[in-house]
Each structure stands twice: as structure tokens, then as C-alpha cells.
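What follows draws every value from the coordinates through simple rules; no lab data is involved. Quick caveat, the model's predicted, so the values are computed rather than measured. Because the Cβ atoms are built from the backbone with ideal geometry, glycine has one as well, and the counts that use them run over all protein chains shown.
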Amino acid sequence: MKKKETIKSKLDFNTIINNGKKVGNEYFTVFYMDYDKNEKLFGVTIQKKSGNAVVRNKLKRQTRALIDETKILFKNYRKYIIIIKKKCLTAKYNEKLLALKTLVGEINEK
């Protein structure tokens with residue numbers, strides 16, 4: 001993910017989580033909200049109880065790589081917040097990739 005595609009503001013995170021739509025599976029929960037600009041923005045987060053900082057950062061890096069691989073599937077004019085669940089700790093990369101692709105498919109159907 002490029003730096004200009006990330007959401008960093010706590011206010012943006014809270015707005016999207018509180019007012020956006022939600023889909024999820026066993027590995028991820030994705031909140032999304034329509035946006036006025038012709039771009040897609042992403043935010044990635046994980047709960048603190050999922051592990052220490054090293055583990056959490058590793059999972060966030062992997063998830064950003066997954067987003068890069070599936071970026072074409074995401075629609076423009078939207079902001080996305082991807083929450084990583086604890087089950088991702090034991091999952092393989094390909095399982096996470098498939099899970100994210102199915103979530104994006106669900107989002108695009110709506």
C-alpha cells in the first residue's frame with residue numbers, strides 16, 4: 001500500500017466503524033463507507049490482546065501485502081477499515097488471501 005492510500009486519523013477510523021457497513025469472516029472484519037473522491041483508502045488494525053507488538057506488526061504487514069495483491073478488486077470512491085482477528089495468527093497466507101477475496105466479493109455485491 002502506498003502512503004497516500006492509508007487512513008491514519010483516529011477520527012476517520014471511528015467515523016467509518018460507527019457509520020459504515022460491515023462484513024466479516026473468521027479472519028477479518030471489513031468496515032467500508034462511501035467516499036467522494038475517485039480513490040480507495042485503507043486502514044488496518046488489530047486488537048492489542050492478539051499478541052505483542054512484534055506479532056501485531058507482522059500481521060499488519062501481511063495484511064497490507066494482501067491488500068496490494070487484491071487492490072484491483074476493491075472499488076473506488078470508498079474507504080475501508082480492515083480489522084484482523086486473532087485466528088489470523090495460525091492461518092497460512094493463502095487462506096488469508098482467499099478470505100479477503102471473498103469479503104471483497106461480498107462487498108462488491110452490495
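Below is a table of values for the structure above.
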| item | result |
| --- | --- |
| Options (1) -0.55, -1.30; (2) -1.07, -1.28; (3) -0.59, -1.47 - which one matches log10 I(q)/I(0) by the Debye sum over Cα atoms at q = 0.15, 0.23 Å⁻¹ as calculated here | (3) |
| Residue range of the chain that is longest and free of GluC sites (Glu not before Pro) which are both DSSP loop and sparsely packed (at most 16 other C-beta within 10 Å) | 40-110 |
| Cα-centre dipole for the chain with unit charges at Cβ (Lys and Arg positive, Asp and Glu negative), debye to 20 | 500 debye |
| Label-point separation, residue 39 to residue 55 (7 Å along Cα→Cβ), nm | 3.5 nm |
| Percent antiparallel among DSSP beta bridges (both partners in the chain, rounded to 5) | 60 percent |
| Those trypsin sites (Lys or Arg not before Pro) in region 1-50 that DSSP places in a loop and that have at most 16 other beta carbons within 10 Å | 2, 8, 37 |
| Ascending count of other beta-carbon atoms within 10 Å, so fewest first, for 110, 87 | 110, 87 |
| Acute angle (nearest 10 degrees) that the helix 93-109 long axis makes with the longest principal axis of the chain, alpha-carbon atoms | 20 degrees |
| Additional length obtainable on full extension of the chain from residue 73 to residue 5, 0.36 nm per residue less Cα span | 23.0 nm |
